Structure formats: structure tokens, C-alpha cells
Amino acid sequence: MRFIEPTCEYESQIRDYRQEFLDEGGSMDGTGALRRMEDPKEWIEYCVLSKKEETVTDGLIPATQYIYVKEDDNKIVGMLQIRHYFNEFLEKYGGHIGYSVAPSERRKGYATEMLKIGLNKCKEMGINDVLITCIDDNEASRKTIQKNGGIYESTVSVPNEGINLERYWIKLTD
């Protein structure tokens, strides 16, 4: 498995990944603006600009986007985004990390491994206390977070969304 930033080499797979979520009706957590961007090149450029304070979209905070790719067939199976710090919304609802696994690739352990690698990336960035949230009825995500050391803090209701999010903290130590 490879954990890399998205490039144009993966353009058609990014399009397919997006479409798989649209067909399923699921949320594309950890993909930034992918849901609203039909053109993968536009999304890749957005990801590049989103990494830096001086080029991130106004009102947003810097974030680094990753794709999780199988070595044997070079297929994208998941995506993960690390937010470098919080704004008011992320501090309460979003956390440092968002992630998703393609619906066709679930229940294979990819999310747990992706989150483990993502946590290592957080540590490299100097983020030692990591907040991750998941919808309260998402048992798979809850287990993924807990397998990676997540400690439950609280549940919050997202205004005007009708969903409750469980908040978990992972303390990264040496």
C-alpha cells in the first residue's frame, strides 16, 4: 500500500472514486471539495493550493490530502485529509483527520491502516493531540478510531444537519 498526495496519474481513478460515492449516496469524508468538483484536475489543483496558508481558499484552513493506493494494481482504495489546525467548525465537529474508503473496498482493514499512517503524518507535522469525529451510528469508523487509540470524549449534534458526531482524541507519544 502507498499513502501519497494525489496526482494527475490518478485522474480517472479519482473520478471513479467520486462516482462510487455519488452512486451509493454516501459521504466522502476526508476528500475536501471532491463531491462538488467533477473535474479531477481541478480537485488535484485545489488540494495543492489547500496545503499552504497563503493559497488556501478564504475561510478554510490548510489541509494535506492523501490517497491510499494498493501496490499490486495501483488502485485507489481510500482517501484521508489532515487539517493542520482548527477553525471553529473543525474544533467542534470535524477534527484533524477525515477519511473514507471506497464502498467496494470496505471491510478489508484499509481504514485502520490508513488512519495509523495518517496519525504518523500528524506526528511529523507536530500535531500530538489528534481529534477525530465520526457519526454516532457509524460502527466501522468508531472501531477504526478505537483500534488506533481513540478515547471517547463526547457526542455533539451538528446544527441543521440532524446528525450526532462522536468526538475521539488520540494522544501521540514517542
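Do the conditions hold for residue 81, that is, is it within 24 Å of residue 123 (Cβ to Cβ) and touching a Cys at 6+ places or on another chain (Cβ under 6 Å)?
no
Taking the stretch 147-168, which residues are under 19 Å from residue 101 (Cβ atoms) and either of a type in the set (D, E, K, R) or out of contact with any Phe, Trp or Tyr (no Cβ under 8 Å at 6 or more places or on another chain) (or both)?
Those that are under 19 Å from residue 101 (Cβ atoms) and either of a type in the set (D, E, K, R) or out of contact with any Phe, Trp or Tyr (no Cβ under 8 Å at 6 or more places or on another chain) (or both): 147, 148, 166.
Answer yes or no as to whether residue 129 is exposed (fewer than 14 other Cβ atoms within 10 Å of the Cβ), out of contact with any His (no Cβ under 8 Å at 6 or more places or on another chain) and at pLDDT 95 or above.
yes
Is it the case, given these coordinates, that residue 36 is surrounded by fewer than 16 Cβ atoms within 10 Å (Cβ to Cβ) and either among the basic types (Lys, Arg) or at pLDDT 95 or above (or both)?
For residue 36, the condition - surrounded by fewer than 16 Cβ atoms within 10 Å (Cβ to Cβ) and either among the basic types (Lys, Arg) or at pLDDT 95 or above (or both) - is met.
Results for (1) at positive phi; (2) in contact with a Phe, Trp or Tyr (Cβ under 9 Å, 6 or more places away or on another chain); (3) in contact (Cβ under 8 Å) with a residue 60 or more places away in the chain, shown as yes or no for each residue.
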site	(1), (2), (3)
96	no, yes, no
101	no, yes, no
106	no, no, no
113	no, yes, yes
116	no, no, no
119	no, no, no
133	no, yes, no
136	no, no, no
145	no, yes, no
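Output the residues belonging to the stretch 52-67 that are surrounded by 16 or more Cβ atoms within 10 Å (Cβ to Cβ) and over 14 Å from the mean Cα position of the chain (by Cα).
If the condition is that a residue be surrounded by 16 or more Cβ atoms within 10 Å (Cβ to Cβ) and over 14 Å from the mean Cα position of the chain (by Cα), then 56, 61 are the ones that fit.
Could you tell me how many of the residues in the stretch 115-147 are closer than 22 Å to residue 27 by Cα and part of a loop (DSSP other than H, G, I, E, B)?
The total comes to 3.
Those residues that are in contact with a Lys or Arg (Cβ under 7 Å, 6 or more places away or on another chain) and either hydrophobic (A, V, I, L, M, F, W, C) or assigned to a strand (DSSP E or B) (or both), I need them from the stretch 1-36; list them, please.
Passing the criteria: 1, 8, 28, 34.
Among the residues of the stretch 159-174, how many are under 22 Å from residue 118 (Cβ atoms) and part of a strand (DSSP E or B)?
7
Does residue 152 qualify as being touching a Gly at 6+ places or on another chain (Cβ under 9 Å) and aromatic (Phe, Trp, Tyr)?
Numbers: touching a Gly at 6+ places or on another chain (Cβ under 9 Å): no; aromatic (Phe, Trp, Tyr): yes.
For residue 152, the condition - touching a Gly at 6+ places or on another chain (Cβ under 9 Å) and aromatic (Phe, Trp, Tyr) - is not met.
State all residues of the stretch 68-92 that are under 27 Å from residue 158 (Cα atoms) and either crowded, with 18+ Cβ neighbours inside 10 Å or among the aliphatic types (A, V, I, L, M) (or both); if no residue qualifies, say none.
78, 79, 80, 81, 82, 83, 84, 90
In the stretch 39-51, what count of residues is obtained for those that are surrounded by 14 or more Cβ atoms within 10 Å (Cβ to Cβ) and either modelled with pLDDT under 95 or not in a helix (DSSP H, G or I) (or both)?
Total satisfying the criteria: 1.
Evaluate the stretch 53-64: report whether one residue or more is aliphatic (A, V, I, L, M), assigned to a loop (DSSP other than H, G, I, E, B) and over 27 Å from residue 158 (Cβ atoms).
No, the conditions are met nowhere in the stretch 53-64.
The values are calculated or read from the model by the stated rules, or taken from the named source; none is laboratory data. Please read all numbers here as calculations on a predicted model, not as lab measurements. FYI the Cβ positions are ideal-geometry reconstructions off the backbone, even for glycines, and counts take in every protein chain you see.
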